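Take a look at the structure set out below.
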Amino acid sequence: MFDNKTDESPVKAVLACVDTGEFDAETSIDELEELAETANAQVVGKIIQKKASYDPATCMGAGRLEELKEQLGSLEAELVIFDHELSGVQVRNIEDILDVRVIDRTTLILDIFAQRARTKEGKLQVELAQQKYRLPRLTGMGTALSRLGGGIGTRGPGETKLETDKRHIRKRISYLEAELEELKKHRTFSRSRRKKDGVLCAAIVGYTNVGKSTLLNALTDAGVLAEDKLFATLDVTSRAIELPDGRSVLLTDTVGLIRRLPHNLVEAFKSTLEEAASADIILNVQDMSSPEREQQAEVTMQLLSELGCDGIPKINVMNKSDAALYPDTVFEDDNTVIISAKHRGGFDKLLDCIARTLPETAKRMKLLIPYDKTSFISRIRIDGKVFSEEYAENGTLIDALVDIKLQKEAENYTV
């Protein structure tokens, strides 16, 4: 597991949100607090202003910002995080009024991704999203760029490039896109090879922090970082498990989803998320203990639909049953299984459900193969598996996983 501890002292931050009725401001700012804490911030205050629309110059309105400025001193806050995307001009204007550093929701999420990315592909994806987000904001921010020091919102491979001109950043974006295209080709080739070899794949998807990595670890001992934090892991990890019917399936963990996930991040991580679009089955992991479970599941299903996953079989994996306050509100059916990844509860039912839901590519059969048909056993082994064989008077008695191509012929030898 990765050690993600930091020696940095928490940054005292105030969260700000303008409630125009576009989304549930209370829920969103609570989620922003989780994001801020994940990025090593100590939230010392929250402010929500109801307005019909955003102020084009300062988002919140100069009068309310002046009130906020008075509160910042007593709270000893060093940072204000807005629960919206801000333009470069808005950042500059707000910083001029508040005289503290200001970042927005997207910058905060990008910062967390910069902390968490471990693989080459993950780091490239994060930097590409950062550069694309910064590019249109460079002109508007003006001298605000020179005030950016270390800390939340400035991490990542591109932080030293903040004052570089747009031409240089465009060149960097082109380089990153080319590198990622090569990695995408490799990933696409790997997927097509798995399909050709008949490897069954299951993608683990879901909202951030619902326990996807914990589930993968518990099923496969994968050793993936699993923390009670948002976006604990970004990088794709795949591990094989054996199902009760003898078939193997490759489980793939994917990046966690979140409300209003920045468009640049969706685009940057599309090649990673496409693992779900090419899967034979999707495990939609949900947090039973969260009062937001249904809304989170809706976010997941919407993005899966955008990725072209509508026709892929799905299993609703209701996790954290050990912590659920109202477990009786969720019921198991053919496509819904209740589990506790932390305590490894409900795994037998989950594996049975996966085996039932996957397309039938092989079947476990007991066969008596006459001695003059022994070559058929070798054919079974090519695309299947022989679990045991015993020599009987009339032939070889085998317990085998038989590929679908051979099942009709194998029925002649069933016992």
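The values are calculated or read from the model by the stated rules, or taken from the named source; none is laboratory data. Note that the coordinates shown come from a computational prediction; the quantities given were computed from them, not determined experimentally. Positions of Cβ are generated from backbone atoms using ideal geometry, with glycine treated the same way; all protein chains shown enter the neighbour counts.
The table below gives the values:
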| quantity | calculated |
| --- | --- |
| Boolean, residue 192 is modelled with pLDDT of 85 or more, surrounded by fewer than 19 Cβ atoms within 10 Å (Cβ to Cβ), outside the structural domain of residue 273 (by TED's automatic domain parsing) and of a type in the set (Ser, Thr, Tyr) | no |
| Contacts under 8 angstrom Cβ, first residue in the stretch 295-308 being of a type in the set (Gly, Ala, Ser), partner modelled with pLDDT under 85 and assigned to a helix (DSSP H, G or I), 6 or more apart | 308/277 |
| Filter pass, residue 104 being acidic (Asp, Glu), free of Cβ contacts under 8 Å to residues at least 24 places away in the same chain and assigned by TED's automatic domain parsing to the domain that holds residue 25 | yes |
| Restricting the stretch 360-377 to residues that are over 18 Å from residue 248 (Cβ atoms) and out of contact with any Leu (no Cβ under 9 Å at 6 or more places or on another chain), the residue that is surrounded by the most Cβ atoms within 10 Å (Cβ to Cβ) | 373 |
| Long-range neighbours under 7 Å by Cβ, at least six apart or interchain, first residue under 15 Å from residue 339 (Cβ atoms) within the stretch 199-211, second part of a strand (DSSP E or B) and acidic (Asp, Glu) | 204/253; 210/287; 211/287 |
| Qualifying residue in the stretch 314-337 (condition: under 21 Å from residue 247 (Cβ atoms), touching a residue at least 24 places away in the same chain (Cβ under 8 Å), in a loop (DSSP other than H, G, I, E, B) and within 24 Å of the chain's Cα centre (by Cα)) | no |
| Leading residue by the ranking (nearest to the chain's Cα centre (by Cα)) among those in the stretch 375-415 that are hydroxyl-bearing (Ser, Thr, Tyr) and assigned to a helix (DSSP H, G or I) | 378 |
| Yes/no for residue 372 being outside any helix (DSSP H, G or I) and among the charged types (D, E, K, R) | no |
| Residue list for the stretch 52-88, filter: outside any loop (DSSP other than H, G, I, E, B), at pLDDT 90 or above and under 26 Å from residue 135 (Cβ atoms) | 55, 59, 79, 80, 81, 82 |
| Selection count where residues are farther than 18 Å from residue 90 by Cβ and either aromatic (Phe, Trp, Tyr) or surrounded by fewer than 17 Cβ atoms within 10 Å (Cβ to Cβ) (or both), scope the stretch 13-32 | 6 |
| Selection count, the stretch 378-409, where residues are of a type in the set (Val, Ile, Thr) and either in contact with a Pro (Cβ under 6 Å, 6 or more places away or on another chain) or surrounded by fewer than 18 Cβ atoms within 10 Å (Cβ to Cβ) (or both) | 3 |
| Filter result for the condition that a residue is under 24 Å from residue 210 (Cα atoms), free of Cβ contacts under 8 Å to residues at least 40 places away in the same chain, out of contact with any helix residue (DSSP H, G or I) (no Cβ under 7 Å at 6 or more places or on another chain) and not β-branched (Val, Ile, Thr), over 33, 70 | 33 |
| Failed item in (1) of a type outside the set (A, V, I, L, M, F, W, C); (2) at pLDDT 75 or above; (3) in contact with a Lys or Arg (Cβ under 6 Å, 6 or more places away or on another chain), with residue 252 passing the rest | (3) |
